[in-house]
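No lab work stands behind these numbers, since they all come straight from the coordinates. Because the structure is a prediction, the values reported are computed rather than measured. Ideal geometry is used to build each Cβ from the backbone, glycine not excepted, and the neighbour counts take in all protein chains shown.
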Amino acid sequence: MKPDFQPLLKSLSLKTTPKRIALLEILDDEKVYLSPEAIWKKMQKLFRSIGLPTVYRILDELHEGNIISRVLHPDRKLYYYLCRNEEHHHHFICVSCNKVEDLHFCAEKEIETLVVKGMKGKVLSHILQINGLCSRCLTEQVPAHG
């Protein structure tokens, strides 16, 4: 059964359009982060005339509404991921298989103390993303000895 994204879109005052729903369903089906170009190619199968700028616009709307997460990849490109966890958390990103896992850890208080006391500044927001290799990819990259 496909999730109902209509209430999510309505909560952001966004119209429930077939393209927005399709983009969310693509991200929900994949379970890994995707590039805008990969999303666009999948959407072209459903909407022959959809342009890449439309995909970027929808991604930006959904990211601004905190429906999807941006992944800042070491290749300096942005990728996107549908995170269904509504609690405050951060992500571990596997740079090999594109898997995303929730990290239930946040050092916000410690960082805020450093910024306020050490820099006399104020924290407005924060993002913590850990890039690495998941256990499966790590095991596959270890050469066999023998």
Apply the Karplus curve 6.51 cos²θ - 1.76 cosθ + 1.60, θ = phi - 60°, to the phi angles in the range 108-115 and return the couplings in whole Hz, x for Gly and Pro. 4, 4, 5, 5, 4, 4, 4, 5
Report the equivalent ellipsoid semi-axes for the chain in whole Å, largest first, defined as the square roots of five times the eigenvalues of the gyration tensor built from alpha carbon atoms. 29, 24, 14
Using the reciprocal of the averaged 1/r over all distinct C-alpha pairs, how large is the Kirkwood radius of the range 87-146 in Å? 13.9
For the range 71-83, Karplus couplings with θ = phi - 60° (6.51, -1.76, 1.60), whole Hz, Gly/Pro x: 10, 8, 8, x, 7, 6, 9, 8, 10, 10, 8, 8, 9
For the chain, give me every cysteine whose Cβ has no other Cys Cβ within less than 4.7 Å, ordered by residue number. C83, C97, C106, C137
Hey, can you grab everything whose amide H is under 5 Å from the amide H of N131? Only 5+ residues off in sequence or another chain; H modelled, so Pro and N-termini drop out. I93
Packing-based ranking, highest mean first, of 122-134, 23-35, 53-65, 79-91 given that Cβ atoms within 10 Å are counted: 23-35, 53-65, 79-91, 122-134
With θ set to phi - 60° and the Karplus curve 6.51 cos²θ - 1.76 cosθ + 1.60, what are the ³J(HN,Hα) couplings of the range 124-132 in order, to the nearest whole Hz, using x for Gly and Pro? 9, 6, 8, 9, 10, 9, 9, 9, x
From the mean inverse distance of alpha carbon pairs (Kirkwood) and the Cα radius of gyration, derive Rg over Rh for the range 1-84. 0.93
